[in-house]
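Inspection log for the structure reproduced underneath, given as C-alpha cells.
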C-alpha cells in the first residue's frame, strides 16, 4: 500500500512541472514585447528597457525560467504591480473568503447530492429518478451568474431573508458569516450537485445489481444498511473521482460567484488582476489554483485505498 | 465498432440471396434512424433550429440596430413605448419589448443579435478544439514515441481550471472574436485528445488496420483514411458538449469584463452592463440570462440524445 501511495505522489510532480512551464510561457508567448506590455501604453523606450533588464527579460528563455522556478520553489511568487505587495502575501490575505465558500459548497453539495443519488438509484425509474435527471441537465445549463441573480432577486430582494452581497469574517461572529455565505454556497453548489448526483445514481445503480446485495437482503439486513454499508461503499470510487474533478468547476464558479456577491476572495482577485494587467498576480493565482486542484485530486486518489481494499497497485 | 448500416434499397427477392449476417445488418436500424426518433435529439435539435433562425433573421424580427441609443428612452420597463434615433438622425417610435438599458438601447434587439455571437462562438470553439484534439489524439494514439510527452502536457493543461485559463489568455491577448474563440477552445483540447487517443488505441488493433499496414499504406493515409472515420460518432457527442460549455464560458468572460469588446452585443455583455442597476431594473439581467440558459439547455439536451443514440456504451457511463 505504501508503494502505491508513494507512486501516486510521485506521479503528480511531472504534472506540476508542466503547469509551471505553461504558466511561465503564457506571458512570454504573448504577441508583442512582454516588457512593453508590463510597462503599459504610456511608457518611454528607456522605461521599457529598464523593466526588461530588471525582470531579466534580456536573458535567454531557459535562464529566465530557471530563475523564476527557483524563486517559485522558495515560495516567492513575485511582486504585484497593482497592489504593490508580494503576490504570496496578497494570496494569503484573500484566501479565507474563498476557502470558506469552497468548503461550505463542497459540504452542502455532498450532503445533498449523495443521498439524492442513492435514493434515485434505489427507486430506479421512479419520480425521484426522473426528477433528478431533469434537474441535473438544468443544473449544467443554467449559468452560475444567472442562477445567482435569480436567487438574489427572490430571496434577498423580494423575501428579504438574506443579505444581497458581501462577506463577513468568521472572527466577527458565526451568524453573519453564515448568513452572507448561504446564497453564494447554494448558487455554486447547484452545478456540483447535478454532477455528483448523476454519478452517484449511476454508480450505486451498478452496485445494486450485484449478487452481494441480494445476499445482504436475504440475510435480513435493514435496507438502510444494505444501501449504505454495501451498495454505497462499493460505489464510492467513481463518486470520489468526480468530486475531485468537480473541484475544477468549483474554482471556475468561485470566480463568477465572488464577482456577483462581492466577496473579496481569490476569484475576485483574479478578475481584478487581469483587468489591471497585473501579470505577476495572475500568474500567482493560476499557479495557486492549479496546485490546489492537483492536490485535491491526489487526496482523492489516495482515498481510494480507504474505500476499496482491493486497490493495492 | 458497430458496422455502418447498409442504405441501398433491395427488393424482397434479393434478401433471400443474402447471407444470415447481411440480412441482420439490413434489418437493424441505422444510427441515423435512431437519431431521428430519439426524443432528446428532436427537442434539442428543434430548439436549436429555432435559435438559428432567430440568429439569421435578426434584422427582420422587429429589431433595430443594437448599437442605437436614445437618451430620452433610458431605463424603460419591458413593453413600454419610446423613441429611438437612427444613424440618419430620424427619430422613430419604438416599443421596447424587453425594456431599455441605461443608455437607451433596446434590450430586445441586443438580445436577438446576441444570439448570433453566442452560436458563432459556440460552434467555432467546438470546431477549433475538435480540430486540434483530433490531430493531437491521432498522433498520440498512433505514434508511440509522441504518446508519453504529449499526454503529460495535456495533463498539465487539464490541471489549470478552464475558466481561469480562458480569462488569463484573453487578458494577455487583445480582446477580439478570434482570441476569445481560441482562449475558450484551448482548455477543451486535452479532453478531445484523450478521447481520440483512447479510440485510436482500440481501432489500431482492428484487422483492417493491420491489412492496411501490410499493404504498405502510408501512415497519414491510415490515420485519416481508416482510423479517423470510425471516431466520428463519439467526437460528435463530445463536440456538442464543448459547444454548450463554450457558450457558457463566453458569457462568463463577457460578464466579468474580459470577453468581447462592449460594442458587440453578447448576452454576457448585456448582463455585465445591466448588473449595476440590477436591484432597480432587473430586466437588463434576466432577459439575456433566460436566452442563455435556454440555448445551453438545448445544446445539452441534444448532446444527451446524440450520446444515447450513437453509442449506447457511452450512455451507461456518466
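Peptide B:97-106 has a mean of 0 when you count, residue by residue, the C-beta atoms of other protein chains within 10 Å of its C-beta.
What the Cβ-Cβ distance of residue A:157 and residue B:43 gives, at R0 = 35 Å and to the nearest 0.05, is a FRET efficiency of 0.60.
Helices in chain B, meaning DSSP H runs of at least 4 residues, each add -39500 (n - 2.57). Divided by all residues, the mean residue ellipticity at 222 nm is -20500 deg cm²/dmol.
Roughly what % of Cα-Cα distances in region B:143-289 sit above 20 Å, to the whole percent?
Numbers: 6532 of 10731 pairs.
Roughly 61 percent, rounded to a whole number.
Label-to-label distance for residue A:81 and residue B:224 is 4.2 nm, based on points extended 7 Å past Cα in the beta-carbon direction. Using a Förster distance of 45 Å, how high is the FRET efficiency between residue B:93 and residue A:135, based on the Cβ-Cβ distance and rounded to 0.05? For R0 = 45 Å, the calculated efficiency reads 0.55.
Note on chain A: GNM, Cα springs under 10 Å; of A:211, A:272, A:76, the largest mean-square fluctuation is that of A:211. Measure nothing fancy, just the Cα-based angle from helix A:127-141's long axis to the longest principal axis of chain A, in degrees from 0 to 90, nearest 10. For A:127-141 against chain A, the angle is about 10 degrees. Label-to-label distance, residue B:202 versus residue B:61, with points set 7 angstrom from Cα along the beta-carbon direction: 3.9 nm.
For each of B:142, A:192, count neighbouring Cβ atoms within 10 Å of the residue's Cβ, then give the residues from fewest to most.
Numbers: B:142 20, A:192 24.
Placing the least packed residue first, the sequence is B:142, A:192.
How large is log10 of I(q)/I(0) for region B:46-90 at q = 0.21 Å⁻¹ when the intensity is taken from the Debye formula with one equal scatterer per alpha-carbon? The calculated log intensity ratios at q = 0.21 Å⁻¹ are -0.83.
Could you put A:122, B:267, A:127 in order, starting from the residue whose Cβ has the fewest other Cβ atoms within 10 Å? All intermediate terms of the calculation are to be shown ahead of the outcome.
Working: A:122 18, B:267 28, A:127 9.
Exposure proxy ranking, most exposed first: A:127, A:122, B:267.
Listed from fewest to most Cβ neighbours within 10 Å, the set B:203, B:270 follows the order B:203, B:270. Considering only A:152, A:186, A:13, the Gaussian network model of chain A with Cα springs below 10 Å gives its largest mean-square fluctuation to A:13.
How would you order B:129-135, A:3-9 from highest to lowest mean count of nearby Cβ atoms within 10 Å? Write out the running numbers ahead of the final one.
Values: B:129-135: 20.7, A:3-9: 12.3.
Ranking, from highest mean packing down: B:129-135, A:3-9.
For chain A, a Gaussian network of Cα nodes joined below 10 Å ranks A:290, A:156, A:259 by mean-square fluctuation, and the top entry is A:156.
Every read-out reported here was derived from the displayed coordinates using simple, explicitly stated rules and does not represent laboratory data. Only a predicted model underlies this, so the values are computations on that prediction, with no experimental measurement involved. Neighbour counts are summed over all protein chains in view; Cβ atoms, including those assigned to glycine, are modelled from backbone coordinates with ideal geometry.
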